[in-house]
1. Looking only at residues that are in contact with a strand residue (DSSP E or B) (Cβ under 8 Å, 6 or more places away or on another chain) and assigned to a loop (DSSP other than H, G, I, E, B) in region A:95-115, which one is nearest to B:Gly70 (Cα to Cα)?
2. Out of the residues in region A:283-319 that are closer than 22 Å to A:Arg153 by Cβ and outside any helix (DSSP H, G or I), which is nearest to the other protein chains (Cβ to nearest Cβ)?
3. Which ones in region A:40-79 are free of Cβ contacts under 8 Å to residues at least 40 places away in the same chain and away from DNA strand C (no atom under 15 Å from the Cβ)?
4. Which one is surrounded by the most Cβ atoms within 10 Å (Cβ to Cβ), of the residues in region B:34-79 that are within 21 Å of B:Val149 (Cβ to Cβ) and within 13 Å of DNA strand D (Cβ to nearest atom)?
5. Within region A:90-115, which residues are more than 7 Å from chain B (Cβ to nearest Cβ), aliphatic (A, V, I, L, M) and more than 13 Å from B:Met93 (Cβ to Cβ)?
6. Please go through region A:260-282 and pick out each residue that is out of contact with any strand residue (DSSP E or B) (no Cβ under 8 Å at 6 or more places or on another chain) and within 13 Å of chain B (Cβ to nearest Cβ).
7. I'm checking my understanding of the structure. Among residues of region B:1-33 that are surrounded by 15 or more Cβ atoms within 10 Å (Cβ to Cβ) and hydroxyl-bearing (Ser, Thr, Tyr), which one is nearest to DNA strand C (Cβ to nearest atom)?
8. Would you be able to say whether some residue in region B:18-28 is more than 9 Å from DNA strand D (Cβ to nearest atom) and either more than 14 Å from chain A (Cβ to nearest Cβ) or not in a loop (DSSP other than H, G, I, E, B) (or both)?
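The values are calculated or read from the model by the stated rules, or taken from the named source; none is laboratory data. Given the structure is predicted, the values throughout are model-derived calculations rather than measurements. Note: ideal-geometry Cβ built from the backbone for every residue, glycine included; neighbour counts use all protein chains shown.
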There are 2 protein chains.
Amino acid sequence: MKKLHKTKLKDIAQEAKVSVALVSYVLNGRHSGRIKKETADKIKAIAKRLDYHTNSFAKGLRTQKSNTIGLILADLANPFSAQIARIIEDKVMERGYILLIGSMDEDISKFRRLIDTFIKQQVEGLLIVPSENSIKEIEDIQRKGISCVLIDRYFPSLSFNYVANDNYFSTYTCVMNMIENGKKTIGFITQKTDYFHFHERRRGFDDACREAGVDVENRVREVDKSDLNNNVERAISELLDENPGMDAILFSTNMLTLHGLKYAIRNNLNVPDQIEIMGFDEVQYYDIFPVPISYFKQPLEQIGHKAVEYLIAEIDNPGQPPLQQVIKGELVMAAQSGVE
Amino acid sequence: MKKLHKTKLKDIAQEAKVSVALVSYVLNGRHSGRIKKETADKIKAIAKRLDYHTNSFAKGLRTQKSNTIGLILADLANPFSAQIARIIEDKVMERGYILLIGSMDEDISKFRRLIDTFIKQQVEGLLIVPSENSIKEIEDIQRKGISCVLIDRYFPSLSFNYVANDNYFSTYTCVMNMIENGKKTIGFITQKTDYFHFHERRRGFDDACREAGVDVENRVREVDKSDLNNNVERAISELLDENPGMDAILFSTNMLTLHGLKYAIRNNLNVPDQIEIMGFDEVQYYDIFPVPISYFKQPLEQIGHKAVEYLIAEIDNPGQPPLQQVIKGELVMAAQSGVE
DNA sequence: TATAATAGTTTAAACGTTTAAACATAATTT
DNA sequence: AAATTATGTTTAAACGTTTAAACTATTATA
């Protein structure tokens, strides 16, 4: 049972025959310009030799700052979450903070536990990719006066900081692009949900169709999340049956898109000549499918960065008017088919 | 600029007209059976009303325990990492600890930064899914006497705690199964790497073939990670060209498997009758491919659980002889084709 | 020569908890 | 009635750090 002695300021002070305070000043670079270079160097050398690491408990207790930000994800196993987590972690570190990551796995009680945990850990702010039914908890956070920025999803009824993809623009752009490319009968497969961002995607689709003068009637299917496999398949074949000559389908999530691809491959649809498939979100695996697919790429990088900036702004200046921004992503066209 | 006053023990004590110590005893349930129920209830009620949350800085400083475990992943964006993170987070919470997650993104300097950060945060132990060239840092951790368990990958040259998939068994099992099913000419596509676990997979393949009396000569390709796309494709077609009648290919990672599927679909191979494809790791998307595929499923759940158990054991009893275990996963056979 | 400014360092209190030990009172035993 | 035990609560020190303020010694200024 080896007893590991963690080096503390006192150890360094003794070794250097100076006071603890001086060591602290040196190691924090807070020397008001008065510390002798010689002493400073000696102290730094000893700190290094003894492998000193600040005790953040003591530091945090004394300074009342944790330098810590919490990130709560709807579901870590979702590639979207994982990607955004990575982006945010980098950005947060760059700004001198530490990121705590928690995944609520679409489970509200876990969400509450995470919030409590993070509060106990004295996080200075929270970044949240909220899940569907978490509005009450979000309001709670607001009430407690904790700095917080919502990511990707938000509640228009709440006056809250958020950064999200411009979902209206996304589907609007997709449709317009299809139409430019001569598509006439466009289907849309989306998810049945209360999420505001899905409504926006729907609205973008509808408006674009209306503006372009193409029909929307009976061209949209909202599928239920449970038993997605079968529901999507059914939705697609219904859509195709009831709209002969349909020459394009837009899917509103990456999972839906993948199912669309599956359907196309299984049924030997000629993509994109007979029917074009357009998806949402970049998925590492799109290019593995033997079918060219264009997709709307959410601006994850920018969303992550902006969210961190907003949060830090809020931390530095709590209670400011809400910072809200939607960011436009871009359409990534399939590699021209024929070239393999 | 709303000033948010965080409730502390003192506030509760004043409100209840008792000492801070008593409040602490009550809230920690550490009442040696002596505290009047009435008082305890009153205190608890006030704590709840004032929304008290322990200040873990103060608590950690005083108790010298952080109740915190750090998880360092090779790459959070890899589905394997994300899945294992989820499993571990649950398990760790269940055992009363808090999990800090960090992703090193295959970047050694980031790895070192994460270790430092976690040490400063006073983690009681580290769980690490190490990346290829991190052996020096791992030894460092060992030298510092920090409790640590390696996950999934380990260094046989180091005497260290680890929990991993039984990689030898995995490929051995796959091959044997193929042979039972009448396959005669089996190819193996794996990654060119120094990772010990890939060597094990290779060894399992070789041994199984040898034992079953089938040839290994020229049936294995180790592809370079860079430009995986093209390399895999080339490897497969080489393999098929040079081994006419090859009736099965085993892939040693999920990415490789996906590329294998892509190849099969593009080239209209008849899977599994003409050629069987067997993969590694569960991937959410396998079943989307219009091709039946069997795969070896790593026992992620058990690996995660065991790793947490080992780490806590090590924390409770540091310096004990190393705990090491490989766990056998299972082969998941493709849904019988024909049934759609 | 006295005074003030400068440079370099130390003192001491504070952050919010925990916890062994002490204390006070009431109940029980001798 | 004194001594003991049980019950309920408080005291006070400690954890490792930061930081305003104080101190000391030296140098510059009046």
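1. Only one residue fits best here, namely A:Tyr97.
2. Residues of region A:283-319 closer than 22 Å to A:Arg153 by Cβ: A:283, A:295-315.
From the residues that got through so far, the ones that are outside any helix (DSSP H, G or I) too are A:283, A:295-299.
Values: A:Val283: 8, A:Tyr295: 15, A:Phe296: 19, A:Lys297: 16, A:Gln298: 15, A:Pro299: 17 Å.
Of everything passing the filter in region A:283-319, A:Val283 is nearest to the other protein chains (Cβ to nearest Cβ).
3. A:Lys48, A:Arg49, A:Leu76, A:Ala77, A:Asn78
4. Initial filter on region B:34-79 (within 21 Å of B:Val149 (Cβ to Cβ)): B:65-76, B:78.
Filter once more, keeping what is within 13 Å of DNA strand D (Cβ to nearest atom): B:65-66.
Values: B:Lys65: 13, B:Ser66: 23.
In this case the residue turns out to be B:Ser66.
5. Once the filter is applied, which keeps residues that are more than 7 Å from chain B (Cβ to nearest Cβ), aliphatic (A, V, I, L, M) and more than 13 Å from B:Met93 (Cβ to Cβ), region A:90-115 yields A:Val92, A:Met93, A:Leu99, A:Ile108, A:Ile115.
6. A:Lys262, A:Tyr263, A:Ile265, A:Arg266, A:Asn267, A:Asn268, A:Leu269
7. Step one: filter region B:1-33 for residues surrounded by 15 or more Cβ atoms within 10 Å (Cβ to Cβ), giving B:6-9, B:11-13, B:15-16, B:18, B:22-27, B:31.
Still in the running and hydroxyl-bearing (Ser, Thr, Tyr): B:7, B:24-25.
Working: B:Thr7: 7, B:Ser24: 3, B:Tyr25: 5 Å.
Checked region B:1-33; the qualifying residue nearest to DNA strand C (Cβ to nearest atom) is B:Ser24.
8. Of region B:18-28, the ones more than 9 Å from DNA strand D (Cβ to nearest atom) are B:27-28.
Filter again for either more than 14 Å from chain A (Cβ to nearest Cβ) or not in a loop (DSSP other than H, G, I, E, B) (or both), leaving B:27.
Looking through region B:18-28, at least one residue is more than 9 Å from DNA strand D (Cβ to nearest atom) and either more than 14 Å from chain A (Cβ to nearest Cβ) or not in a loop (DSSP other than H, G, I, E, B) (or both).
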